[in-house]
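Report on the structure given below.
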Amino acid sequence: MLFTDIIRKKRDGGELSGAEIQFFADGLADGSIPAEQVSALAMAIFLNSMSFAESAALTVAMANSGEVLDWSDLDLDGPVVDKHSTGGVGDKVSFLLAPIAAACGCYVPMISGRGLGHTGGTTDKAESIPGYNVAPSFDEFRRVVAKTGCAVIGQTADLAPADRRFYAIRDVTSTVESMPLITASILAKKIAAGLDALVMDVKFGSGAFMTTEDKALDMANTIIRTAATAGLTTHAVMTDMNEVLGTTAGNALELAESVAYLRNEVREKRLDEVVIAVTAEMLLATGLETEPTAAAAKVQQAIDSGGAAEKFSQMVAELGGPSDFLDNRASYLVTAPVVRPVPAPRDGFLESMETMRLGNVIIELGGGRRVLGESLDLSVGFSDVQAIGSKLDRGQPLAMIHAASEAAAQQAVETYLDACQIADAAPPQRAVIQRTLRPE
Ligand code: URA
């Protein structure tokens, strides 16, 4: 089989056969198809899309491209469940939800991704914890999950290696926002993780890959349907991503906000709603709870009691991070040398933000990748982010920029201001949780 024929077929709008997709996944995993050919096919798929059959075949081929985990020999006393987000800006839900779900009796083997396009990645964020091992061996990963109930790690070389390589190439070739590619990428990792159930946080809006609710709904249904063909029970919660989630964006800054949340110091309202809704859905998807209100109450109790914070601490320590990270985060997290406000240009209400542009500001600050394999400045990003609807006086900060230099901070301030609209009247309120989808 010639890979150039496969690229040509997709370029011309054809449908790839199962064998052609398998050939592609094999070549991704063993490196025999070079990055320039992978990029060309990615762009052809981006432009001409894939049928449901093609996307399901790609999902299964990438899931089986490496190790597939099996938890049955560990005799765990709870379900193995995970969540995955389609990606956003300031989305630190994973660090909160994994220990909360563990405190509710779940086992959460979370294999997360690095930054993708304008969105931040959980694996990069986790690397801001000194000593934290994002790539433990499978045995070590299983040990930590069994002992603490959760482990948030990065994609290892053995698990869905085809997706690992494809993901890194898509990140730097503007080929991310494709429904079949996002579906296959997410589900390949999750199927390989051997889960009993999965909950998807499907985001829509100016900071999501699917900007409209209709596209996000389509995506949620496609993911649920594709997962079902692979035997994975999946629920989806559709959440608003028209603004930064929480008050920070950027790797170490998001870790600091996550710790503040788990310690019940600051729980930003929208972030809190997403965390509670998605974690409660995990309890429902696994059958640990049968009623949404009871599930949400159990989640709330796990946070309020400090049980989730305790699980987070254990996970960090078991994976090689400091045992007092929760209590002494400020002494461990890197900080940027320059911190500058983004002053509101006039009195008014924050009406909207172009959230994808804000995600790209973080890349320009050095917090995300422009080219394959680039190392990141984990200290940069935004803090004190004002939510849409906030009433502002002229000069009041819309956010604080954390940067490596004055020049980078100045550029970021200008773009941040340009990406935000201020109006005389407060914008209408928007629900954060748009809807929940469960299989019939
Ligand atoms: N998350 C993933 O793992 N893959 C994507 O393509 C998008 C979000």
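Observations, loosely collected:
- Residue that is open to solvent by less than 10 Å² (accessible area, probe 1.4 Å), more than 11 Å from the ligand (Cβ to nearest atom) and not acidic (Asp, Glu), where the choices are VAL202, VAL108: VAL108
Let's see how each residue does on (1) over 23 Å from ALA29 (Cβ atoms); (2) hydrophobic (A, V, I, L, M, F, W, C):
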| site | (1), (2) |
| --- | --- |
| LEU41 | no, yes |
| MET50 | no, yes |
| LEU69 | no, yes |
| SER72 | yes, no |
| HIS84 | no, no |
| ASP91 | yes, no |
| LEU96 | yes, yes |
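- Residue match in region 50-72 (condition: more than 26 Å from the chain's Cα centre (by Cα) and either open to solvent by 60 Å² or more (accessible area, probe 1.4 Å) or closer than 26 Å to LYS215 by Cα (or both)): yes
A quick yes/no check of all residues on (1) of a type outside the set (Asp, Glu); (2) open to solvent by 20 Å² or more (accessible area, probe 1.4 Å); (3) assigned to a helix (DSSP H, G or I):
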residue: VAL244; (1), (2), (3): yes, no, no
residue: ALA252; (1), (2), (3): yes, no, yes
residue: LEU271; (1), (2), (3): yes, no, yes
residue: ALA277; (1), (2), (3): yes, yes, yes
residue: MET282; (1), (2), (3): yes, no, yes
residue: GLN301; (1), (2), (3): yes, yes, yes
residue: ALA308; (1), (2), (3): yes, no, yes
residue: GLN314; (1), (2), (3): yes, yes, yes
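- Residues of region 398-415 that turn out to be of a type outside the set (A, V, I, L, M, F, W, C) and surrounded by 21 or more Cβ atoms within 10 Å (Cβ to Cβ), as a count: 1
One line per residue, one yes/no per condition, for (1) of a type outside the set (Gly, Ala, Ser); (2) farther than 23 Å from GLU310 by Cβ; (3) not assigned by TED's automatic domain parsing to the domain that holds VAL380:
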position: ALA227; (1), (2), (3): no, yes, yes
position: GLU243; (1), (2), (3): yes, yes, yes
position: ALA252; (1), (2), (3): no, no, yes
position: SER258; (1), (2), (3): no, no, yes
position: GLU265; (1), (2), (3): yes, no, yes
position: VAL274; (1), (2), (3): yes, no, yes
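- Residue in region 257-299 that is farthest from GLU243 (Cα to Cα), counting only those that are under 22 Å from the mean Cα position of the chain (by Cα) and polar (S, T, N, Q): THR286
- Any hit, region 374-391, residues being in contact with a Phe, Trp or Tyr (Cβ under 7 Å, 6 or more places away or on another chain) and of a type outside the set (S, T, N, Q): yes
- Scanning region 70-102 for residues that are assigned to a strand (DSSP E or B) and within 12 Å of VAL145 (Cβ to Cβ), we see that the one that is nearest to the ligand (Cβ to nearest atom) is ASP82.
- On the stretch given as region 117-136, residues that are surrounded by fewer than 23 Cβ atoms within 10 Å (Cβ to Cβ) and of a type in the set (A, V, I, L, M, F, W, C) total 2.
The values are calculated or read from the model by the stated rules, or taken from the named source; none is laboratory data. All values reported here derive from a predicted model rather than from experimental measurement. Reconstructed Cβ throughout: ideal geometry from the backbone, glycine too, with neighbour counts over all protein chains shown. Keep in mind that these areas ignore ligands, DNA and RNA; they rest on the heavy atoms of the full protein, side chains included. Shrake-Rupley method; radii C 1.70, N 1.55, O 1.52, S 1.80 Å.
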